[in-house]
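K.L.:
There's a structure below that I have some questions on.
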Amino acid sequence: MRVLFLCTGNSCRSQMAEGWGRALLPEHTFASAGLVAHGLNQRAVQVMGEAGVDIAGHASQTLAEVEGPFDLVVTVCDHAAETCPVLPGARTIHAGFPDPPKLAADAASEAEALIPFREVRDRIRAFVADELPAHLG
């Protein structure tokens, strides 16, 4: 199956989900995109690396830039779920996760800022490992 993780900016949540998909379910093909491309979030790269998943080589891209078709689209933020275009032939499911940069906006230190990134990383991992396989046929 070909799976696309879709978010607003393809900088963090969708990138982490793509990384977890490739690491945990290598028999499937994973990609990520955003409604716009905000650039790869370096805190997301860091916390994924801490978990043994390297996403440093990922590129932030828009939906128009990813190569389809896809069998399944997983929206990982509410905005993407509300505005996701219909992709012919693809089922769409929603698995919303909090926005780590937004949660970290008022952090007093870099160490404090990384806490929500780790929490969301772990929630995405649990979704990919425990819930996503049921949607992959």
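K.L.:
What do you reckon, is SER32 hydroxyl-bearing (Ser, Thr, Tyr), modelled with pLDDT of 95 or more and surrounded by 14 or more Cβ atoms within 10 Å (Cβ to Cβ)?
P.N.:
Yes: the conditions hold for SER32.
K.L.:
Could you check segment 112-124 and list, in sequence order, the residues that are surrounded by 17 or more Cβ atoms within 10 Å (Cβ to Cβ) and farther than 12 Å from ARG13 by Cβ?
P.N.:
Residues satisfying the conditions are ALA113, LEU114.
K.L.:
For GLY19, indicate whether it is touching a helix residue (DSSP H, G or I) at 6+ places or on another chain (Cβ under 8 Å) and at pLDDT below 95.
P.N.:
no
K.L.:
Mind checking which residues of segment 62-75 are of a type in the set (Val, Ile, Thr) and assigned to a strand (DSSP E or B)?
P.N.:
Of everything in segment 62-75, those that are of a type in the set (Val, Ile, Thr) and assigned to a strand (DSSP E or B) turn out to be THR62, VAL73, VAL74, THR75.
K.L.:
Got a number for residues in segment 69-97 being farther than 21 Å from ALA134 by Cβ and exposed (fewer than 13 other Cβ atoms within 10 Å of the Cβ)?
P.N.:
Number satisfying all stated conditions: 6.
K.L.:
Looking only at segment 39-47, decide whether some residue is under 13 Å from the mean Cα position of the chain (by Cα), outside any loop (DSSP other than H, G, I, E, B), of a type in the set (A, V, I, L, M, F, W, C) and at pLDDT 95 or above.
P.N.:
Scanning segment 39-47, I find at least one residue that is under 13 Å from the mean Cα position of the chain (by Cα), outside any loop (DSSP other than H, G, I, E, B), of a type in the set (A, V, I, L, M, F, W, C) and at pLDDT 95 or above, so the answer is yes.
K.L.:
What number of residues within segment 71-115 satisfy the criterion of being free of Cβ contacts under 8 Å to residues at least 12 places away in the same chain and either in contact with a Lys or Arg (Cβ under 9 Å, 6 or more places away or on another chain) or on the phi > 0 side of the Ramachandran plot (or both)?
P.N.:
Here the count works out to 1.
K.L.:
Still on this structure, please answer the following. Is at least one residue of segment 17-26 within 14 Å of the chain's Cα centre (by Cα), in a loop (DSSP other than H, G, I, E, B) and under 13 Å from ARG121 (Cα atoms)?
P.N.:
For segment 17-26, residues within 14 Å of the chain's Cα centre (by Cα), in a loop (DSSP other than H, G, I, E, B) and under 13 Å from ARG121 (Cα atoms): absent.
K.L.:
Of the residues ALA51, ALA90, which single one is aliphatic (A, V, I, L, M) and over 17 Å from CYS7 (Cβ atoms)?
P.N.:
Only one candidate passes the filter, namely ALA51.
The values are calculated or read from the model by the stated rules, or taken from the named source; none is laboratory data. Values in this document were obtained by computation on a predicted structure and should not be read as measured data. All Cβ positions, even for glycine, are placed from backbone atoms using ideal geometry, and neighbour counts span all protein chains on display.
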